Amino acid sequence: MSDIQTTNYPSTAKVLVRSENMSRTALGIAHAYLLIYPNSTVESLNKAFPKEEFGQGSDLFLGPNERKAYVEAHKNDEKSLRTNYFFEEKNAMLKLKDGSEVAVLQMWSSDKFPKLVEWAKRYDIYVAEFAKGAKGKMGFFELEYLNNWKPVVIEKVVEKKHIPWWVWLLGIILLAIIIFLLMRSCNKEPETVIVRDTVTQTEQVVVEVHDTLYVQQLAEIEDNFNAAEFQKGNSDLSRDAEFVLHDLAKLMNQYPELRLRIEGHTSAEGDANFNQKLSEARAQAAVTFLVEHEGIDANRLEAEGFGSSKLKNADDPMAPENRRTEFEII
């Protein structure tokens, strides 16, 4: 396993997978990915690890419906059910945010496995070298967090208790009041939305709207978009950025007058001229995605790069959160 990195993990590394065989390592990689991207679906998991790249002939992940179909198709082949996917073993199934369970492929050959290990690095997941003499063991997997990274804690859903009738009545009354106030607000003059530039401490009137929900949606999308980081020296959009751009496109379709400038940024590492071109490429990548994948009119979008001139974390110019894109209403 000379292709597996054992030391000197990069500063962007988040999770190290330790295991004793290939199938358990693949399972550990899947669990690590879900920790990093807790909002993943079966579709996004299979998109992140496409079967075409690993030559296994089957999706790496089976959701409840796909799992049911697979079991039905192999009901007369117990060996395939037992060896191809992790189905019944405790803690082997992935649990998605919506509570559904996903089965992970466990059939790996020695010629395909190194590519999976290399592929996982693009998601900041690294694999430790197998312990000597561990090959072929049933084994286990362990996850070690690197560079002080911690997974997002998803709150557990608490079972609801019986709610008294008067609480329901109070809720209905409050809902009626809210509907009344919203109906009144629809007849008011449009509200002026002010955006404050945190760098120059100036205010700018950017758009007049009367839809409060619009302002809330835009702010939430902006926060998520600004938080989506790029790999070092790379302008490829992350999966998180693509998800946010999809939400942004839906809002732009809902409000045809909305025009945006996409701004690209880099950390302070490396040559300034390279960083400027890289920031422009990051901004253009977001614009291209909105135009080609979401059908947004290119005339409603602009792309501009700022290099490392507007650091998000000025205390740490090399920090990964400085590698980002942002947008402004124009």
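Brief remarks follow.
- Cubic angstrom per residue, convex hull over Cα atoms of region 250-330: 90 Å³
- Note: region 15-145, Cα convex hull, 106 Å³ per residue.
- Backbone phi angles across region 307-324, fed through the Karplus curve with coefficients 6.51, -1.76 and 1.60 (θ = phi - 60°), yield HN-Hα couplings of x, 10, 6, 10, 6, 6, 10, 5, 6, 9, x, 8, 4, x, 5, 6, 8, 7 Hz in residue order; Gly and Pro are listed as x.
- Seen through its C-alpha gyration tensor, with square-root eigenvalues sorted a ≥ b ≥ c, region 2-74 comes out prolate because a/c lies at 1.5 or above while a/b is bigger than b/c.
- Entries in Lys51/Lys121; Lys68/Lys95; Lys51/Lys150; Lys115/Lys250 that, when Cα-Cα distance is taken, lie over 24 Å: Lys51/Lys150; Lys115/Lys250
- Residues whose amide H comes within less than 5 Å of that of Ile296, counting only those at least five positions distant or on another chain, are Val291 (H built at 1.01 Å from N in the peptide plane).
- Taking other C-beta atoms within 10 angstrom as a stand-in for reagent exposure, Ser235, Ser309 fall in the order Ser309, Ser235, fewest first.
- Reported to the nearest whole Å, the Cα centre-to-centre distance from region 229-268 to region 19-75 is 27.
- Alpha carbon convex hull of region 38-113, projected area averaged over orientations, nm²: 5.4 nm²
- Cα pair distances exceeding 15 angstrom across region 244-287, given as percent: 52 percent
- Under Karplus coefficients 6.51, -1.76 and 1.60, residue-wise ³J(HN,Hα) of region 96-107 in Hz, glycine/proline x: 7, 4, 7, x, 6, 9, 10, 8, 10, 4, 10, 9
- With the simple model of a label 7 Å out from the Cα in the direction of the Cβ, Leu169 to Ile330 spans 5.8 nm.
- Distance between the modelled labels on Glu118 and Asp223, one decimal in nanometres: 4.0 nm (7 Å Cα→Cβ projection).
- Order of Tyr85, Tyr37 - criterion: other Cβ atoms within 10 Å of each residue's Cβ, fewest first: Tyr37, Tyr85
- Counting DSSP beta bridges with both ends in region 227-330, the antiparallel % (nearest 5): 60 percent
- Spin-label model distance (nm) - Glu101 vs Ala176, 7 Å beyond Cα toward Cβ: 4.7 nm
- Fewest-first ranking of Phe230, Phe54, using other Cβ atoms within 10 Å as the exposure measure: Phe54, Phe230
Read the figures in this text as sums done on the coordinates, not as results from a lab. These numbers come from a predicted model, not from an experiment. Virtual Cβ from ideal backbone geometry, glycine too; neighbours counted across all protein chains shown.
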